[in-house]
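What follows is a set of notes on a single structure, which appears directly below.
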Amino acid sequence: MHRKWYGSGKHQDEILPSNTYRVTIFSHGDPISGFFSHARMNHARMSQHRPPSPSQKLLRTGRPGLSGLLALACALVLLLITPALRAQDWVKTGTGLGVEKVRLAVADFKPSSSDPQNDALLKTFNDTLWNDLDVSGVVELVSKSFYPLQVPGQPVDVNIPAWSAPPPNAAMLAFGSFGVAGGKLTVQGWLYDVKNTASPQVLGKQYTDTPSDDAARVIAHKFADEIILRLGGGIPGIAESKIYFVSDRSGKKEIWVMDYDGSNQRQVTRLGSISLSPRISPDGSRLAFSSLTKTGWEIMMYSVDLNRLVSFPHMGGTNLSPAWSPDGLKLAFSSSRGGSPEIYIADANGANLRSMTANKGPDVSPIWNRKTGAQIAYVSGATGLPQVYTMETDGTGQQRMTDQGYAVSPSWAPSGQFLVLAWIRKYGPGDPGALDLYLMDIASKQWVQLTHDGGRNDSPSWAPDGRHIVFQSSRSGKEEIWMMLADGTKLRQLTFTGRNTQPNWSWK
Amino acid sequence: MFVLAVTLGAILALGACAKKKQPPPPPPPPAPPAPTASLSANPSSIQTGQSASLTWQTTNATDVSIDGIGAVQANGSQPVTPTDSTTYHLTAKGAGGSQEATARITVTQPPPPPAPVAAAPTDEDLFSQNVKDVYFDYDQAEIRGDQQSSVLGDVQFLNQHASINFTVEGHCDERGSTEYNLALGDKRATAVKNALVAAGVGASRIKTISYGKEKPFCSESNEACWQQNRRGHLVYQR
């Protein structure tokens, strides 16, 4: 992030001397494409090694007659469940969740001083590091109950076979030391490939900062991201990303921000009105949102650097749901200044306003293809119930993506390949269905349902790694912010106070 | 006689001698001072609904209370609003006994208010009595047939009161997304405005605003409540 969220302490990190900086087996020339090809290869290889299914066994060994019928029945069942399996495959491949997960042991860091501050800060550090790696989706953490009793704090302490052999049976080991001394916090962290006894060191880092809870968290995030970058196919981790959202906990709906793991929640706007739809700019410097002013709903612009509102022209009519182009130069939003809510595009300062749609129904919630910047997805009620559409950024090529029901709140994946959207697929009298999140492959319009656990699920937003999605859900009884992996697993509730809605994940 | 005198003298001498030898007895403790207390009310006469201030001072008291108020500090003051004439009774207790004080507040009925003058209803009153809201179907922003009579009634009133300016608020039920509902509410408000303008109400008198599902009239999750929330709500503009 461009911005420091902790204290005023000077922050440094440096690479520890290492002549065995082994990253070649994990890194790829082009992180995305290299990664995807790796993932597909991986998938193909796994298919080859898959043990024969019961029906295949039957087909090979069974006698004609009853067993033939059985085989037919099994084949039918397989046919029925195969689409779901295939869907899971493309989700995992496309989101980078299909890589075989590395078994990683994360030893609690060892205190390297007896400063009274040390215990509390070390706990923050260990908890944060563990959580970052646990939710990353790219490693399988080895349960701490399997760890050797001797936990290393330095490379000389590492008993490699004790980690690589069962019970831990780890492929990788993260460990290090943590100490406050002379008003300075020093953290040394290593990542070891414990299957490679000759040159195990993959990573060695040292961080220093002024001791504080924030600093302990930030250093844990930085070290976690270094590990995830190396073990997750070269895609940078998200541990230092932010999530903007709407909260009513101050009595009014205002814009708030938190760390991606739910810590550090703080209020951004204090307008005392209703502020909605926060959208952080790609560089993280400006926050666009919609707020009810004396003259109606207008797009507002907040400078994160200056910590105050900056001017943005009032458009008249109802102006909603701003969206940044991936180059940060343009904003798309919904405006009824011409009579009906349509999608408009303007420069980031509000100039050069032009309308993109001209429908009978309300058009709202635009989102750019953040990979190409050349298409926009949006919601339109042109044919009755709202549906998700895509179009080119000049308004041509409008294409309906959803075939039925009530479809809203699209968010475009960083890879450009997917939309995630909120959808009541079966809407109708006596069949109200549920508002759930769906992942759609844009090219094929194939979809897979991501949430199944009740409540209204809405306002999804992709993490910059394309592996995580943050959204709002009422499953706990009231609207709160949740995050999950893009295949619907690893659900985490991030907010607990007041009603919290419309999360927007920072671009990096 | 002599014997008696000698005996008496001896007794006295012995007594004097014995007295000299013994330490003087401690002086008897002084009797604890009796508490004092005073209580006053200011003013001592009020009208119903007004307040008066009770003020009290005590000395040498460890336990001070006022009937109807309870335990109080040794010195203090407190506003009271009796509804009827009341005698306040303070008791101050201390080691030296107890002391009481009273103060009376006389409450008189206020003079009857002047007979209310029948005020002419304001434009705002007439507006809220006569103008009806317009209700919508789910996900619709078109004015349905059964709402035309409301629109006609509104037009009649608004054309008769041409000086009234007003706002049409578009509201939606709680289902669906925040953003889509705000856009839908905008369409509903505009639909009501257009119907009024088409029937001759000046467009410059009408503002529109969408509240989407931000300010529901009813907060239950059932169709009766949702219908209450799907409306164009007409609001008098001061």
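The values are calculated or read from the model by the stated rules, or taken from the named source; none is laboratory data. As the structure is a prediction and not an experimental result, all values here were calculated from the model. Positions of Cβ are backbone-derived with ideal geometry, glycine not excepted, and every protein chain shown enters the neighbour counts.
For a quick check of your reading of the model, give me the residue pairs whose first member lies in region B:113-141 and is farther than 24 Å from B:I164 by Cβ and modelled with pLDDT under 95, whose second is surrounded by 11 or more Cβ atoms within 10 Å (Cβ to Cβ) and among the acidic types (D, E), with beta-carbon atoms closer than 8 Å and at least 6 apart or on different chains.
B:Y138/B:D173
Among the residues of region A:240-252, are any within 15 Å of the chain's Cα centre (by Cα) and either modelled with pLDDT under 95 or not in a strand (DSSP E or B) (or both)? Spell out how you get there, then give the answer.
As a first pass, look at region A:240-252 and keep what is within 15 Å of the chain's Cα centre (by Cα): A:240-245.
Of the ones still in play, those that are also either modelled with pLDDT under 95 or not in a strand (DSSP E or B) (or both) are A:240-241.
Yes - at least one qualifying residue is present in region A:240-252.
How many residues does region A:375-421 contain that are part of a loop (DSSP other than H, G, I, E, B) and either farther than 14 Å from A:A323 by Cβ or within 14 Å of chain B (Cβ to nearest Cβ) (or both)? Can you show your working first?
Filtering region A:375-421 for residues part of a loop (DSSP other than H, G, I, E, B) gives A:381-386, A:393-398, A:401-405, A:413-417.
Now drop any that are not either farther than 14 Å from A:A323 by Cβ or within 14 Å of chain B (Cβ to nearest Cβ) (or both), which leaves A:381-386, A:394-398, A:401-405, A:413-417.
Here the count works out to 21.
Name the strands (runs of 3 or more DSSP E) wholly inside region B:12-73 in which the number of residues that are surrounded by 14 or more Cβ atoms within 10 Å (Cβ to Cβ) and either in the same structural domain as B:Q99 (by TED's automatic domain parsing) or at pLDDT 80 or above (or both) is 2 or more. Write out each step before concluding.
Values: elements: B:36-42, B:45-47, B:52-59, B:63-66, B:70-72.
Once the strands (runs of 3 or more DSSP E) in region B:12-73 are filtered for at least 2 residues that are surrounded by 14 or more Cβ atoms within 10 Å (Cβ to Cβ) and either in the same structural domain as B:Q99 (by TED's automatic domain parsing) or at pLDDT 80 or above (or both), what remains is B:36-42, B:52-59, B:63-66.
Filter region A:341-354 for residues that are of a type outside the set (D, E) and touching a strand residue (DSSP E or B) at 6+ places or on another chain (Cβ under 8 Å) and give the result. Write out each step before concluding.
Initial filter on region A:341-354 (of a type outside the set (D, E)): A:341, A:343-346, A:348-354.
Answer for region A:341-354, where residues must be of a type outside the set (D, E) and touching a strand residue (DSSP E or B) at 6+ places or on another chain (Cβ under 8 Å): A:P341, A:I343, A:Y344, A:I345, A:A346, A:A348, A:G350, A:N352, A:L353, A:R354.
So which residues in region A:92-118 are more than 24 Å from A:S143 (Cα to Cα), acidic (D, E) and within 21 Å of the chain's Cα centre (by Cα), if there are any at all?
Within region A:92-118, no residue meets the criteria.
Residue check: is A:G98 in contact with a His (Cβ under 6 Å, 6 or more places away or on another chain) and not hydrophobic (A, V, I, L, M, F, W, C)? Can you show your working first?
Details: in contact with a His (Cβ under 6 Å, 6 or more places away or on another chain): yes; not hydrophobic (A, V, I, L, M, F, W, C): yes.
Considered against the rule, which asks whether it is in contact with a His (Cβ under 6 Å, 6 or more places away or on another chain) and not hydrophobic (A, V, I, L, M, F, W, C), A:G98 comes out as yes.
Which of the residues that make up region B:196-212 are surrounded by 14 or more Cβ atoms within 10 Å (Cβ to Cβ), in contact with a helix residue (DSSP H, G or I) (Cβ under 7 Å, 6 or more places away or on another chain) and either within 14 Å of chain A (Cβ to nearest Cβ) or under 19 Å from B:E179 (Cα atoms) (or both)? I'd like the intermediate steps shown before the answer.
Going residue by residue through region B:196-212, those that are surrounded by 14 or more Cβ atoms within 10 Å (Cβ to Cβ) are B:196-197, B:199, B:201, B:205-212.
In the following step, the residues that additionally are in contact with a helix residue (DSSP H, G or I) (Cβ under 7 Å, 6 or more places away or on another chain) were identified as B:196-197, B:199, B:201, B:206, B:208-212.
Answer for region B:196-212, where residues must be surrounded by 14 or more Cβ atoms within 10 Å (Cβ to Cβ), in contact with a helix residue (DSSP H, G or I) (Cβ under 7 Å, 6 or more places away or on another chain) and either within 14 Å of chain A (Cβ to nearest Cβ) or under 19 Å from B:E179 (Cα atoms) (or both): B:V197, B:I206, B:T208, B:I209, B:S210, B:Y211, B:G212.
Provide a single number: the residues in region A:108-128 that are touching a Leu at 6+ places or on another chain (Cβ under 7 Å), surrounded by fewer than 21 Cβ atoms within 10 Å (Cβ to Cβ) and of a type in the set (A, V, I, L, M, F, W, C).
0
Here is a check on your reading of the model: is B:E179 surrounded by fewer than 23 Cβ atoms within 10 Å (Cβ to Cβ), within 14 Å of chain A (Cβ to nearest Cβ) and within 21 Å of B:W226 (Cα to Cα)? Lay out the reasoning, then the answer.
On the way: surrounded by fewer than 23 Cβ atoms within 10 Å (Cβ to Cβ): no; within 14 Å of chain A (Cβ to nearest Cβ): yes; within 21 Å of B:W226 (Cα to Cα): yes.
In short, no.
Give region A:328-357 a look and list any residue that's outside any strand (DSSP E or B), more than 14 Å from chain B (Cβ to nearest Cβ) and within 28 Å of A:F418 (Cβ to Cβ), or say none. First the steps, then the outcome.
Taking region A:328-357 and keeping what is outside any strand (DSSP E or B), we get A:328-329, A:336-341, A:348-353, A:356-357.
In the following step, the residues that additionally are more than 14 Å from chain B (Cβ to nearest Cβ) were identified as A:328-329, A:348-353, A:356.
Passing the criteria: A:G328, A:L329, A:A348, A:M356.
Do we have any residue at all in region A:129-136 that's touching a residue at least 24 places away in the same chain (Cβ under 8 Å), under 30 Å from the mean Cα position of the chain (by Cα), surrounded by 14 or more Cβ atoms within 10 Å (Cβ to Cβ) and more than 27 Å from A:G488 (Cβ to Cβ)?
Looking through region A:129-136, none of the residues is touching a residue at least 24 places away in the same chain (Cβ under 8 Å), under 30 Å from the mean Cα position of the chain (by Cα), surrounded by 14 or more Cβ atoms within 10 Å (Cβ to Cβ) and more than 27 Å from A:G488 (Cβ to Cβ).
So, in region B:142-176, exactly how many residues are among the basic types (K, R) and either surrounded by 17 or more Cβ atoms within 10 Å (Cβ to Cβ) or touching a residue at least 12 places away in the same chain (Cβ under 8 Å) (or both)?
Residues of region B:142-176 among the basic types (K, R): B:144, B:175.
Add one more test, that the residue is either surrounded by 17 or more Cβ atoms within 10 Å (Cβ to Cβ) or touching a residue at least 12 places away in the same chain (Cβ under 8 Å) (or both), and what stays is B:175.
Residues meeting the conditions: 1.
Quick check on this structure: which one of A:T295, A:T318 is surrounded by fewer than 22 Cβ atoms within 10 Å (Cβ to Cβ), within 14 Å of chain B (Cβ to nearest Cβ) and within 30 Å of A:G361 (Cβ to Cβ)? Outline the logic, then answer.
Numbers: A:T318 fails: surrounded by fewer than 22 Cβ atoms within 10 Å (Cβ to Cβ).
Being surrounded by fewer than 22 Cβ atoms within 10 Å (Cβ to Cβ), within 14 Å of chain B (Cβ to nearest Cβ) and within 30 Å of A:G361 (Cβ to Cβ) holds for just one of A:T295, A:T318, which is A:T295.
Scan (1) away from chain B (no Cβ under 12 Å); (2) under 28 Å from the mean Cα position of the chain (by Cα); (3) in contact (Cβ under 8 Å) with a residue 24 or more places away in the chain for the single condition A:S275 breaks and write down its number.
Status for A:S275: all satisfied but (1).
Residue under question is B:K215, and the condition is that it be within 12 Å of chain A (Cβ to nearest Cβ), within 22 Å of B:E124 (Cβ to Cβ) and not in a strand (DSSP E or B); does it hold? If you could, list the steps in order and put the result at the bottom.
On the way: within 12 Å of chain A (Cβ to nearest Cβ): yes; within 22 Å of B:E124 (Cβ to Cβ): yes; not in a strand (DSSP E or B): yes.
Criteria met by B:K215.
Go through (1) in contact with a strand residue (DSSP E or B) (Cβ under 8 Å, 6 or more places away or on another chain); (2) within 26 Å of A:A215 (Cα to Cα) one by one and return the number of the condition A:P200 breaks.
Of everything listed in (1) in contact with a strand residue (DSSP E or B) (Cβ under 8 Å, 6 or more places away or on another chain); (2) within 26 Å of A:A215 (Cα to Cα), A:P200 misses just condition (2).
Would you mind finding the one in A:A382, A:A348, A:A374 that is within 30 Å of A:K252 (Cα to Cα) and hydrophobic (A, V, I, L, M, F, W, C)?
Numbers: A:A382 fails: within 30 Å of A:K252 (Cα to Cα); A:A374 fails: within 30 Å of A:K252 (Cα to Cα).
None of the other options fit; the residue is A:A348.
Restricting region B:117-141 to residues that are exposed (fewer than 14 other Cβ atoms within 10 Å of the Cβ) and among the hydroxyl-bearing types (S, T, Y), which is nearest to B:R188 (Cα to Cα)?
The extreme case among them is B:S128.
Looking at region B:74-94, is at least one residue more than 24 Å from the chain's Cα centre (by Cα), surrounded by fewer than 17 Cβ atoms within 10 Å (Cβ to Cβ), in contact (Cβ under 8 Å) with a residue 60 or more places away in the chain and not in a strand (DSSP E or B)?
No, that holds for no residue.
Looking at this structure, is A:S281 of a type in the set (S, T, Y), away from chain B (no Cβ under 14 Å) and within 21 Å of the chain's Cα centre (by Cα)? Walk me through it before giving the result.
Values: of a type in the set (S, T, Y): yes; away from chain B (no Cβ under 14 Å): yes; within 21 Å of the chain's Cα centre (by Cα): yes.
For A:S281, the condition - of a type in the set (S, T, Y), away from chain B (no Cβ under 14 Å) and within 21 Å of the chain's Cα centre (by Cα) - is met.
Hey, can you tell me all the residues within region A:358-374 that are more than 9 Å from chain B (Cβ to nearest Cβ), in a loop (DSSP other than H, G, I, E, B) and either modelled with pLDDT of 95 or more or within 15 Å of A:A323 (Cβ to Cβ) (or both)?
Step one: filter region A:358-374 for residues more than 9 Å from chain B (Cβ to nearest Cβ), giving A:358-360, A:366-374.
Filter again for in a loop (DSSP other than H, G, I, E, B), leaving A:358-360, A:369-374.
Hits for region A:358-374 are A:N369, A:R370, A:K371, A:T372, A:G373, A:A374.
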